[in-house]
Amino acid sequence: MKGDYISVYLLLLLLIVVGCSTTRNVDIQTLEPAPVSLSDTIKRIGIIGGKVHLTEEKEQTGLHQFIYREDQRLAIEARDAAIIGLYNELAADKRFDTIILIEDIVQNESDSELQGNYLNWETIEALCHEHMVDAIFSMAYYDSDTRVSLKKTTMEQFNLLRVKEKVAAHQITLETLIENGWRIYDPTNKLLIDEFTSNNQIVSTAKGLDPYEALQAIEGRTENILEQSTKTGSSYGARLQPYEHSITREYYVKCTPIFEQAGTFTSSGDWESAATLWKKEADNPDPKINGKACYNLAILNERNHNLTSAMDWATRAYSQYQSKKFAAYIEALKFRMKQNDLLQLQQSESFPSK
């Protein structure tokens, strides 16, 4: 009988502990600084393309050679599509006066094994002087590697009586890996402003009575590769712009009846009423409850984009209860404040006022 009482007591204790640790998530929308910062003196930009390199499979059947020749043509089109994607993105940026496609240069920045080779500053300065631009955006290289796989399978086909029947067939799969290298050169400061690599994988598959027929049955591969390449260039240009981001934070909704009531308010979107209750618990003599209330108020202020107040409440939370979670949150807030400072600097120096 005594053992039963102990079991019930331990169960209740466990429920209290679990209840006290219950949290809920809130998503906070932020505006992050542009990954790439440009000087406000850069107004005219030149874009150059790089060499196209295709990795050729060791197996050299007629089918593989045919695909390789087709991919050589497609890779050049895809490289040009990526450059146009970058051009369009930069042309839409009001900070720049002129965007020039420098099409009369095929740079030697990189062979497949020499992606570390860079254009020297004499070349960059000469290009900028000739085309009257302030910086060079370079597609340093475009690498494409297509793996071909074949397997026997079946497919349905109409017979002479126009009845569908299963027949022996071949299935072909083309797995194309594309890697682009991008660089930005600032000749005035002799500075490589940015260096970035993007990777895409495009898989296409189809069936046919023989491998060539299966290859011809593949639909949309060319369009897909060109579309993805255009997006790649556009995405690189977007690295010059701030971007929206979502951060998920946890806050406490249990521990005391007041926390539970506050949790009900947040469920309905009434965060201000919840804040009033948390401020009451911020004076609770229990340091653990006090600290969690202060932590919740820090989360609320971060949600309201008041990072200074969020830091004040987070620091108070840690002073009340030295939780590793609170310490980690303080570091996260420090990082956010640095990012916010950078964003404000970018907006004041580079981005035009609206």
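If you check 251, 243, 212, which single one turns out to be crowded, with 19+ Cβ neighbours inside 10 Å and among the aromatic types (Phe, Trp, Tyr)? Full working, then the answer.
On the way: 243 fails: crowded, with 19+ Cβ neighbours inside 10 Å; 212 fails: crowded, with 19+ Cβ neighbours inside 10 Å.
Answer to the selection: 251.
In the stretch 135-193, what count of residues is obtained for those that are among the charged types (D, E, K, R), touching a residue at least 24 places away in the same chain (Cβ under 8 Å) and in a strand (DSSP E or B)? Working first, answer last.
First, the residues of the stretch 135-193 that are among the charged types (D, E, K, R): 143, 145, 147, 151-152, 156, 162, 164-166, 175, 179, 183, 186, 190.
Narrowing further to those that are touching a residue at least 24 places away in the same chain (Cβ under 8 Å): 143, 145, 147, 175, 179, 183, 186, 190.
Add one more test, that the residue is in a strand (DSSP E or B), and what stays is 143, 145, 147, 175, 179, 183, 186.
Of the residues in that region, 7 qualify.
Just wondering, is there one or more residues in the stretch 135-142 that are assigned by TED's automatic domain parsing to the domain that holds residue 53 and in contact with a Cys (Cβ under 7 Å, 6 or more places away or on another chain)? Spell out how you get there, then give the answer.
Looking only at the stretch 135-142, we keep the residues that are assigned by TED's automatic domain parsing to the domain that holds residue 53, and these are 135-142.
Going one step further and asking which of them are in contact with a Cys (Cβ under 7 Å, 6 or more places away or on another chain), we end up with 136.
So far as the stretch 135-142 goes, yes, one or more of its residues are assigned by TED's automatic domain parsing to the domain that holds residue 53 and in contact with a Cys (Cβ under 7 Å, 6 or more places away or on another chain).
Tally up the residues in the stretch 271-304 that are within 17 Å of residue 250 (Cα to Cα) and either among the polar types (S, T, N, Q) or surrounded by fewer than 14 Cβ atoms within 10 Å (Cβ to Cβ) (or both), please.
Residues meeting the conditions: 5.
Take the conditions surrounded by 18 or more Cβ atoms within 10 Å (Cβ to Cβ) and modelled with pLDDT of 90 or more and apply them to residue 77. Does it pass?
No.
Could you tell me which residue of the stretch 107-122 is nearest to residue 43 (Cα to Cα), considering only residues that are crowded, with 18+ Cβ neighbours inside 10 Å and either under 28 Å from the mean Cα position of the chain (by Cα) or at pLDDT 65 or above (or both)?
The qualifying residue nearest to residue 43 (Cα to Cα) is 119.
Looking at residue 265, is it free of Cβ contacts under 8 Å to residues at least 24 places away in the same chain and either over 30 Å from the mean Cα position of the chain (by Cα) or farther than 22 Å from residue 332 by Cβ (or both)?
So residue 265 passes the test.
Just wondering, is there one or more residues in the stretch 29-48 that are buried (at least 18 other Cβ atoms within 10 Å of the Cβ) and either among the basic types (Lys, Arg) or within 30 Å of residue 211 (Cβ to Cβ) (or both)?
The answer is no; no qualifying residue exists.
The values are calculated or read from the model by the stated rules, or taken from the named source; none is laboratory data. Source: prediction; values computed, not measured. Neighbour counts run over all protein chains shown; Cβ positions are idealised from the backbone, glycine included.
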